[in-house]
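Every number here is computed from the coordinates shown, using simple stated rules; none is lab data. Worth saying up front: this structure is predicted, and the values here are computed from it rather than measured. Cβ sites come from the backbone with ideal geometry, for glycine too, and all protein chains shown count toward neighbours.
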Amino acid sequence: MAAESAAQRNLRESQILARKIDLLLDVVQTSEGKPFEFHDIQSALAEKGIKLSRTRWHHMKSGDATVRQPAEVITGLAEFFQINPSYLLEADGEVPERIQSELELLAAMRRAKVREFATRTLSEVDSQTLDAIAALLDDSTKY
């Protein structure tokens, strides 16, 4: 297997950063329970003296490797989302505990919705079958 070139590594790291930013935007919300918008992030970074243009934001979110992202911007994002900067700065940065907890909560809520739907839809099915379906849904967390 050939060694990864600098361009390939840069592309891979840019794509990983984009996925991490998307994850943060999906999980972390405003105090009103709404997703953060670009303007919210841009304003918060500007207060720290960090400029984030809409173009740079687009490059970051799309995983565009042609534009190198300054560490100060990435560190500013980490501070904004209240996470350890290493999560964004390192390709193998560990998912912050707070984000992992939110993901687990979202997964549990989705399973509960599926379980409720199955119970309503399959109301004529015997309780043993419903219990088996519920057990399968609970086991899905292992995968």
Per-residue counts of other Cβ atoms within 10 Å, averaged by peptide: what ranking do you get for 79-88, 55-64, highest first? 79-88, 55-64
Mind giving me the FRET efficiency for Glu13 and Leu136? R0 is 41 Å, r the Cβ-Cβ distance, nearest 0.05 is fine. 0.65
Note the direction-averaged projected area, equal to a quarter of the hull surface, for the Cα convex hull of the stretch 6-94, in nm². 5.5 nm²
